[in-house]
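The values are calculated or read from the model by the stated rules, or taken from the named source; none is laboratory data. Worth saying up front: this structure is predicted, and the values here are computed from it rather than measured. No Cβ is skipped: glycine too gets one built from the backbone with ideal geometry, and neighbour counts run over all protein chains shown. What goes into the accessible areas is simple: the full protein's heavy atoms, side chains included, and nothing from ligands, DNA or RNA. Shrake-Rupley method; radii C 1.70, N 1.55, O 1.52, S 1.80 Å.
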Amino acid sequence: MRYVLASYVYTKEFNQPQVWLKRINMYTGILDALAKSNEVISIEQINYEGELTQNRVNYHFRRYPKAALKYFPWALHLYIKSLKPDVVIVHGLHFPLQVIQLRLVLGRKVKIIVQNHAEKPFTGLKKLLQRAADRLVDANLFASHDMGLEWIAGGNLKSPGKIHEVMEVSSIFYPISRLKANSQTGAQGNPVFLWVGRLNENKDPLNVVRAFLKFAESSPGAKLFMIYHTEELLPKVNELLNSSPNIEAIKLIGEVPHADLLYWYNGADFILSGSHYEGSGTAICEAMSCGCVPLVTDILSFRMITNNGECGVLYEPGNEAALLDALLQTTQMNVAEKRRLCIEYYKQNLSFEAIAERVESIVQSL
């Protein structure tokens, strides 16, 4: 089976293939696994042209300027057709006009699958275009099946039978010894909690900080380490910390190299999230691959990623009391068993190999 993967996004900031592939390595592992039993061609649009083969995956680097992709990307479509694909996977549900044209170019025999990447449904005329495009595609992939059903309920997609649950990315990380991890991070606590994400309204760090400061009153050994690469709400976070007698319970780490997260995930007992919306939940997936137990909001993507809370604890978004209760549950939790469940569920459902097997199964069913 020949798979061709493509998008309608041109990233001009990158001009070195290997640097780009490292940047998207939480995704390329899926292609590596898929390529073990299929021919896989991924069209990457950066400021470079050429071809590169890595782990049996053929990467075709093309330069199609943004203007050429926006409305009538004929050059890209003709190039895809020239590759003679059996299956084309398109990244993103926000390109219905382009997908309609892709079907016209490819004909009916080629399977077209569209992968959701956290984008939300369109309204107005674009919503009608999404409905029209949906009639021409064979499957729509969402990190959570229920997320796809929301698009059905909103009228953007028509057929529930085309909705399939497939995680969009996975983790390059793996379990290592706690001793080795802590030698790199220096993180100490009993237990250790971790936050990885932007300090913005959607991630809701303020609710997390408020709840954890209260939790620290009864669990003085507990420590929360916060890693973040944007600082929108940092002044308000500092305001909460500076007004609390438990300020030492939370350590603001800031930005760290992505590769160093291997040590942070393996050195922590729990990972916290306050997100009100996530398309999938990359950081939580990465943490679980190392056995870090999630305490996360009860949203659709996190229900899927935690097996409806079996691998951790779910709580109502924005609810300080609910998060405090979740934190208190950890004091009575069999953490070793939860860690085992996290790693097992990750391997069976969230790993690169599991995602590739799921994609192959969907294609075979079309």
### Message
So, in segment 321-337, exactly how many residues are surrounded by fewer than 17 Cβ atoms within 10 Å (Cβ to Cβ) and either in a helix (DSSP H, G or I) or touching a Pro at 6+ places or on another chain (Cβ under 8 Å) (or both)?
### Response
9
### Task
Select from segment 212-230 the residues that are part of a helix (DSSP H, G or I) and either in contact with a His (Cβ under 6 Å, 6 or more places away or on another chain) or farther than 11 Å from Trp195 by Cβ (or both) and write down the one among them that is most open to solvent (accessible area, probe 1.4 Å).
Glu217
### Summary
Just one listed residue, out of Tyr315, Tyr263, Tyr345, Tyr277, is open to solvent by 30 Å² or more (accessible area, probe 1.4 Å), hydroxyl-bearing (Ser, Thr, Tyr) and either in contact with a strand residue (DSSP E or B) (Cβ under 8 Å, 6 or more places away or on another chain) or modelled with pLDDT under 95 (or both), and it is Tyr277
### Query
Can you pull out the residues in segment 97-115 that are surrounded by fewer than 18 Cβ atoms within 10 Å (Cβ to Cβ) and not in a helix (DSSP H, G or I)?
Gly107, Arg108, Lys109
### Summary
Considering residues that are over 18 Å from Phe352 (Cβ atoms), of a type in the set (S, T, N, Q) and in contact with a helix residue (DSSP H, G or I) (Cβ under 9 Å, 6 or more places away or on another chain), the number found within segment 40-66 is 1
### Query
Residues in segment 131-147: is at least one part of a helix (DSSP H, G or I), touching a residue at least 40 places away in the same chain (Cβ under 8 Å) and open to solvent by less than 50 Å² (accessible area, probe 1.4 Å)?
yes
### Query
If you go through segment 292-305 one residue at a time, do you hit one that is under 20 Å from the mean Cα position of the chain (by Cα), open to solvent by 50 Å² or more (accessible area, probe 1.4 Å), polar (S, T, N, Q) and under 30 Å from Ile113 (Cα atoms)?
no
### Query
Any idea which residue in segment 166-196 is nearest to Leu141 (Cα to Cα), counting only those that are open to solvent by less than 60 Å² (accessible area, probe 1.4 Å) and in a helix (DSSP H, G or I)?
Ala181
#### Entry: Test result for Ile355, among the β-branched types (Val, Ile, Thr) and either touching a Lys or Arg at 6+ places or on another chain (Cβ under 9 Å) or within 26 Å of Val90 (Cβ to Cβ) (or both)
yes
### Message
Could you tell me how many of the residues in segment 67-96 are at pLDDT below 95 and assigned to a helix (DSSP H, G or I)?
### Response
6
### Task
Determine which single condition Ala118 fails, assuming it passes every other condition in (1) among the small types (Gly, Ala, Ser); (2) at pLDDT 95 or above; (3) in a loop (DSSP other than H, G, I, E, B).
(2)
### Query
How about segment 103-115: which of its residues are closer than 24 Å to Ala143 by Cα and touching a helix residue (DSSP H, G or I) at 6+ places or on another chain (Cβ under 7 Å)?
Lys111, Ile112, Val114
### Query
When you look at Glu278, is it assigned to a helix (DSSP H, G or I), charged (D, E, K, R), in contact (Cβ under 8 Å) with a residue 12 or more places away in the chain and under 21 Å from Phe173 (Cβ atoms), yes or no?
no
### Task
Confirm whether Ser361 is without any contact (Cβ under 8 Å) to a residue 40 or more places away in the chain and not acidic (Asp, Glu).
yes
## Note on the structure
Exactly one of Ala211, Ala216, Ala249 is in contact with a Leu (Cβ under 9 Å, 6 or more places away or on another chain), hydrophobic (A, V, I, L, M, F, W, C) and within 26 Å of Leu341 (Cβ to Cβ), and that one is Ala211
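So, of the residues in segment 41-54 that are touching a His at 6+ places or on another chain (Cβ under 8 Å) and farther than 19 Å from Glu13 by Cβ, which turns out to be most open to solvent (accessible area, probe 1.4 Å)?
In this case the residue turns out to be Glu51.
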### Message
What are the pairs with Cβ atoms under 8 angstrom where one residue, in segment 55-66, is surrounded by fewer than 17 Cβ atoms within 10 Å (Cβ to Cβ) and modelled with pLDDT of 95 or more and the other, located anywhere, is part of a loop (DSSP other than H, G, I, E, B) and of a type in the set (D, E, K, R)? Sequence gap at least six, or different chains.
### Response
Arg56/Lys36
